[in-house]
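Student: Below you will find the structure I want to go over with you.
Throughout, read-outs are computed from the coordinates displayed, never taken from laboratory work. Everything numeric here is computed off the predicted structure, so don't read it as measured data. Cβ: placed from backbone, ideal geometry, glycine included. Neighbour counts: every protein chain shown.
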Amino acid sequence: MAQEENQYHIDMGNLMVFDPNYHFESAPSSREELTQECLNKGTELVQAIANELFSLPSHEDRDGPLIKLPDPSTALPREKHFPRPKPLTKWEEFAKKKGIQNKKKDKRVFDEQTQNWKRRHGYDRVEDDNDIPIIEAKMTDEPGEDPFQKRKVEKKTRVEKQEKNRLHNLKNASKVDALPSHVQLAATSLPISGRQKVAPKKANKHELESVAGLAATATASIGKFDQKLPGEKPVKHHGKFRKFLPVVQGKGMVNEEREQTDKILNKFMSRGSDDILDVNKAVSMFKVKGENNRRKERMTESSKSGKLKPKGKSLKKSSKKSSH
Amino acid sequence: MLKTRVAKNHRAKRALENRAPKLVENGKKTLILEGTKCSAVLREVLTDIYQLKKDNCVRFTRKNDNVRPFEGGGETSLEFFSLKTDCSLFLYGSHSKKRPNNLIFGRMYDHHIYDLFEVGVENFKRMSLFSYDRKIAPKIGSKPLFAFIGEWFESVEELIHLKEILLDLFRGQVIENLNLVGVDHVYVVSAISPKKVLFMHCALRLKRSGTSVPRMELVEVGPSMDLVVRRHRLPNPSIKKEAMKTVSKHAKKIKNVSHDVIDGKIGKIYMPDQKVGSMVLTSDVKGLKRERREAKANKKNAFKENPTKKPKTDDEIKA
């Protein structure tokens with residue numbers, strides 16, 4: 001048994017077993033036999049892997065015995081590349097060069113203005129613009145300048161600068177394909193993953209020709225008197241050309257224009273000529289008329305009899321009576 | 001200036017992060033699609049394979065006229081589909097006079113075609129034609145077993161390739177722990193000749209054998225078919241080298257964590273000096289709501305200003 005198992009290649013990680021020594025007979029007599037042969041051999045192989053599987057140390061779980069599978073031994077390719085390391089930001093690079101290390105700062109700072117403990121950043125922070133009622137004038141101040149406004153503008157420029165730096169760092173990261181997966185740079189429309197550079201679309205020959213043709217005919221004379229460039233072809237004409245026939249009759253030739261209009265006129269005139277008298281229609285009309293007349297006569301008769309009868313039935317009954 | 005597009009909500013962010021390249025990857029997803037002409041048999045083949053892999057699979061049911069995996073330029077839209085659906089395996093069915101019932105297995109690396117294998121399908125018998133006890137029907141998503149039979153799988157280049165592709169296609173996610181109850185189906189693939197492979201799918205019936213290892217019995221549940229080898233394209237060696245890279249097995253030594261038979265996982269924690277004395281203690285903690293804090297402060301102030309309303313004491317109640 002042990003010898004047999006050694007013949008098989010077993011990959012426990014993928015639960016795969018492979019028998020490289022089995023040889024199928026060249027001509028199996030029927031399909032049933034062939035499938036049966038495969039099933040028998042398959043059962044043998046599955047038993048071999050089950051022997052290993054069920055002998056692994058297991059621990060009882062709520063849903064059944066759990067075993068720890070070894071790593072797959074068959075190497076299969078990855079789906080995507082390894083995550084690429086994020087490049088250092090400009091500040092991180094600088095800090096590394098200078099040996100600057102992150103120092104932890106307190107979240108709470110004492111604010112001299114309000115004589116209170118406040119957060120360092122965010123809402124209601126220390127030295128908040130709203131908390132400064134007086135800014136002392138300095139010698140260097142320019143007259144006529146609003147110091148409060150100046151503070152606001154400075155803050156705004158700082159924020160804008162930081163945003164610019166952030167985008168610059170993101171752009172650098174995208175160059176080495178290490179952009180965070182939830183961020184996309186809209187200008188380049190980078191794909192989610194993988195290295196796909198979107199090349200700008202090249203106009204093909206036909207597109208160029210059509211554009212050149214449009215430009216060439218966009219003059220008052222529809223480009224008739226313009227100089228042609230060497231190799232420039234006339235623009236393709238889309239649509240129908242109208243053909244004018246000579247109006248006057250020449251020697252030995254019919255008036256084509258008149259003939260054409262005659263032809264059309266005849267066609268219209270002859271359209272209604274066939275069914276001037278529709279025999280079937282005439283016969284049916286004649287019959288209907290006769291029927292109506294007879295009905296009228298009967299109505300007058302029944303009204304004379306003086307009995308009120310339902311109209312629909314009266315016709316039938318009266319006709320029957322008359323036949324008897 | 002550059003503009004950034006960021007995921008609008010956390011769910012979208014999570015979904016994008018799930019798609020991003022990872023050290024330990026998710027199971028490969030499969031895309032199943034067909035060409036402009038696809039025979040009824042082949043459509044059944046594709047549907048059946050979709051049924052087998054339903055948990056991790058995307059099925060396209062429309063015709064695709066510009067997908068020709070083996071031809072130059074015919075892979076563009078396929079790679080686009082792969083990117084959109086996040087699938088790295090695909091199955092493409094087409095039917096022509098030259099190659100009837102043509103099935104192409106393909107794999108992607110980084111959403112570019114990695115390798116291809118083309119087979120013709122013969123003697124197909126679909127899943128619904130097999131009759132068996134429904135109790136043993138394999139569950140979707142359970143880890144399958146594989147049995148490859150035949151010397152050709154070791155000697156013929158095409159079949160070595162096919163074996164790898166079939167294993168990659170059906171194996172599902174690489175897992176660490178396996179529940180033995182979930183071992184319920186096996187793919188039996190036998191190389192009948194160097195050009196022909198018999199593919200079968202069987203359920204497992206575990207019988208008592210008197211020992212701890214049960215006796216295995218195979219019940220064919222379908223589909224079954226013959227795969228006749230046609231064209232194939234091996235991966236580019238440089239791409240293959242990159243794709244075959246693995247995480248180094250020598251994991252970083254985990255410090256301060258030990259395991260005990262009785263206690264289980266034990267961790268040591270070294271706490272630095274907390275400097276409680278110099279800590280700033282304020283009542284306006286960020287975790288509390290500002291409105292409540294302010295309301296509390298107002299109440300206090302109001303009480304200080306006109307302390308006429310005293311809280312009732314026991315003496316007053318008695319009086």
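Student: Given 0.36 nm per residue, what is the gain on full extension from A:Glu301 to A:Thr140 after removing their alpha carbon distance, in nm?
Tutor: Length difference between fully extended and current span is 45.3 nm.
Student: Using modelled amide H (1.01 Å from N, peptide plane; none on Pro or chain starts), what sits under 5 Å from the amide H of A:Asp111, excluding residues fewer than 5 places away?
Tutor: The answer is A:Asn116, A:Trp117, A:Lys118.
Student: Test of understanding: extend the Cα→C-beta vector of B:Asp133 to 7 Å, then name every residue of the range B:196-223 with backbone N under 11 Å from that spot.
Tutor: Residues passing the 11 Å test: B:205-208.
Student: Is it possible to state the helix-based mean residue ellipticity at 222 nm for chain B, with each DSSP H run of 4+ residues giving -39500 (n - 2.57), the sum divided by total residues, to the nearest 500 deg cm²/dmol? What is it?
Tutor: -7000 deg cm²/dmol
Student: A further question follows. Would you mind classifying the range B:61-183 by shape? Square roots of the alpha carbon gyration tensor eigenvalues, ordered a ≥ b ≥ c; an a/c under 1.5 is rounded, otherwise it is prolate if a/b is larger than b/c and oblate if not.
Tutor: Details: a/c = 1.55, a/b = 1.43, b/c = 1.09.
In terms of gyration-tensor shape, prolate.
Student: Okay, moving on. Assuming R0 = 41 Å, what is the FRET efficiency of B:Lys13 and B:Asn236, from their Cβ-Cβ distance, to the nearest 0.05?
Tutor: Plugging the Cβ-Cβ distance into 1/(1 + (r/R0)^6) gives 0.75.
Student: Still on this structure: Relative to the longest principal axis of the C-alpha atoms of chain B, give the angle of the C-alpha long axis of helix B:76-85, reported between 0 and 90° and rounded to the nearest 10°.
Tutor: The helix B:76-85 is inclined about 40 degrees to chain B.
Student: Can you give the FRET efficiency for A:Ile264 and A:Glu291, using 1/(1 + (r/R0)^6), R0 = 45 Å, r = Cβ-Cβ distance, to the nearest 0.05?
Tutor: Efficiency at R0 = 45 Å is approximately 0.55.
Student: Please state the Cα pair-distance histogram of chain B with 20 angstrom bins from zero: what percent is in each bin?
Tutor: Going out from 0 Å in 20 Å bins, chain B shows 22, 40, 19, 13, 6, 0 percent.
Student: Calculated FRET efficiency, B:Ser96 and A:Lys205, Cβ-Cβ r, R0 35 Å, to nearest 0.05?
Tutor: With R0 = 35 Å, the Cβ-Cβ based efficiency is 0.65.
Student: To continue, here is another question. Please give the average number of partner chain Cβ atoms lying within 10 Å of the Cβ of each residue in B:15-27, rounded to a whole number.
Tutor: 4
Student: Now for a different question. Using a 7 Å offset from the Cα along the Cα-to-Cβ direction at both A:Glu33 and A:Val153, what is the distance between the two label points in nm, to one decimal?
Tutor: Here the modelled spin labels are 9.9 nm apart.
Student: Bin by bin, in steps of 10 Å, what percent of the Cα pairs in the range A:9-67 do you find, going until the bin that has the longest distance?
Tutor: 19, 37, 25, 13, 5, 0
Student: Right, here's the next one. By average Cβ neighbour count within 10 Å, what is the ranking of B:229-237, B:254-262, B:295-303 from highest down?
Tutor: Order by mean packing, descending: B:229-237, B:295-303, B:254-262.
Student: Counting only other chains, and only Cβ atoms inside 10 Å, what mean value do you get across the residues of B:170-183?
Tutor: Going residue by residue through B:170-183 and averaging, the value is 6.
Student: Let me ask something else. State to the nearest 20 debye the size of the charge dipole of chain B about its Cα centre, where the only charges are +1 on K and R beta carbons and -1 on D and E beta carbons.
Tutor: Here chain B has a charge dipole of around 1620 debye.
Student: Can you return the aspartates and glutamates within cross-link range of B:Lys22? Criterion is Cα-Cα under 16 Å, with same-chain partners fewer than 8 residues away left out.
Tutor: Partners found: A:Glu79, A:Asp177, B:Asp86, B:Asp110, B:Glu242.
Student: Here's another thing I want to ask about it. Using square roots of five times the C-alpha gyration tensor eigenvalues, list the equivalent-ellipsoid semi-axes of the range A:1-119 in whole Å, biggest first.
Tutor: 65, 22, 14
Student: Next question, about the same structure. Just order A:95-104, B:131-140 by mean Cβ neighbour count inside 10 Å, highest at the front, would you?
Tutor: So the order, starting with the most tightly packed, is B:131-140, A:95-104.
Student: Taking the Cα atoms of the protein assembly as shown alone, what are Rg (to one decimal) and Dmax (as a whole number) in Å?
Tutor: Computed over the Cα atoms of the protein assembly as shown, radius of gyration and Dmax are 43.4, 141 Å.
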